[in-house]
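Every read-out reported here was derived from the displayed coordinates using simple, explicitly stated rules and does not represent laboratory data. Only a predicted model underlies this, so the values are computations on that prediction, with no experimental measurement involved. Cβ coordinates were reconstructed from backbone atoms using ideal geometry, including for glycine residues, and neighbour counts include every protein chain displayed.
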Amino acid sequence: MHDTLASLVERALANNPRPLEFYLREHSRLSGSRANTELANDVSHLLAASSSRNPDGVRTLLDYFVSDDRKMAASNTPSEFIVLCGIIAFGTCAAAQPVWRVETYALLSQYASCSFWRIRDGVVVAYQRLLIADAHEVIPRLKDLATGGSYLQQSVAIAAVAEAALLYSPEMFTAALELQRIVLERLHSTPTIDRKSENFRVLRRTLGYTLSVITAAAPEQGFALMRECASWNDSDVAWILKENLKKKRLAKFPQDTEAVSKLLASRSS
């Protein structure tokens, strides 16, 4: 598959993108329960490797993948997979080519509001590639989404940093925890009538696992935030905390998880 894919990428960069597009569609695994993310990642890395010697060709192909007419693509279809490939590749290539980043950030911010969960997952992956390249530049972008973005954009922001491999330094997990706090506080201040929307539920479900990822990397700070949140007497925040306490990654902190559980129980009684 790799030899075939590499050959098709070269043809696409020579202004013949249709064979590559047909190949990606055929091997997308959509419609289905799981898209071929391995293939999307392979395409992104091949394009990033070509971005120095053929920047114009790579950029033209990326624009082709996420062209305006594809915004009408239906969910769980090969057409959606083409957009997914483009988004992940944009992030991977911008990680290698800093001059592309401003436009890439604008693209990712736009697609972070997409109603299709696979596309948002692709945005998360793209941000993670950029975080690996330059976390100091990317973190402020994610904070902008967390502080001023929609529910879906907030969801992408906190998911982007909820990756154990990224939480390699005090600076990273401090920034990641700050993002969780920003979004949790915004959620806590959300009026009851607005909490019935599907996008709010998406954000709530995302917080239902991201906080535990950060807490596993920085348990003292993470559990301190969880204990604080437990005192807010907010049913949605309580649900988020309970979901995180169920995660196996926190099982090695029985005293801390029990303390948060007791605080939640005392608030509900």
Length-normalised contact order of the stretch 1-153, Cα under 8 Å, at least 6 apart, in percent, tallies to 20
Most fluctuating of V138, V102, V202 in the GNM of the chain (C-alpha, under 10 Å) is V102
Residue separation between A74 and I193 times 0.36 nm, minus their alpha-carbon distance, gives in nm 39.9 nm
Phi-derived 3J(HN,Hα) across the stretch 229-246 with the Karplus relation (6.51, -1.76, 1.60, θ = phi - 60°), rounded Hz, x for Gly and Pro, is 5, 5, 7, 7, 6, 10, 5, 6, 5, 4, 4, 4, 5, 4, 4, 5, 5, 6
Summing -39500 (n - 2.57) over every DSSP H run of at least 4 in the chain, dividing by its residue total and rounding to the nearest 500, the 222 nm mean residue ellipticity is -24000 deg cm²/dmol
Of the residues I88, P19, T77, the Cα lying farthest along the dipole of the stretch 2-161 towards its positive end, which is defined by charges on the beta carbon of Lys, Arg, Asp and Glu, belongs to T77
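Using Cα-Cα distances under 8 Å and only pairs 6 or more residues apart, what relative contact order does the chain have, in percent?
12
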Along the stretch 202-219, Karplus-curve 3J(HN,Hα) (6.51, -1.76, 1.60; θ = phi - 60°) to the nearest Hz, with x for Gly and Pro, reads 4, 4, 4, 5, 5, 4, x, 9, 5, 4, 6, 5, 5, 5, 5, 7, 9, x
Taking Cα pairs closer than 8 Å and at least 6 residues apart, the relative contact order of the stretch 139-195 in percent is 36
Mean-square fluctuation maximum in Gaussian network of the chain, Cα pairs under 10 Å, restricted to T37, T190, T92, hits T190
On the formula 1/(1 + (r/R0)^6), with r taken between the Cβ atoms of D56 and S150 and R0 of 35 Å, the FRET efficiency rounded to 0.05 is 0.55
Rounded to the nearest 10, the angle in degrees between the Cα long axis of helix 55-65 and the longest principal axis of the Cα atoms of the chain comes to 70
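Suppose every K and R has +1 on its Cβ and every D and E has -1 on its Cβ; what is the size of the dipole of the chain about the Cα centre, in Debye to the nearest 20?
Working: 31 positive and 29 negative charges, 161 e Å.
Dipole about the Cα centre, nearest 20: 780 debye.
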Here the tail fraction of P(r) beyond 27 Å, over all Cα-Cα pairs of the chain, rounds in percent to 42
Heads up, the stretch 2-161 by the C-alpha gyration tensor (a ≥ b ≥ c square roots of eigenvalues; a/c under 1.5 rounded, else a/b over b/c prolate, else oblate) looks oblate
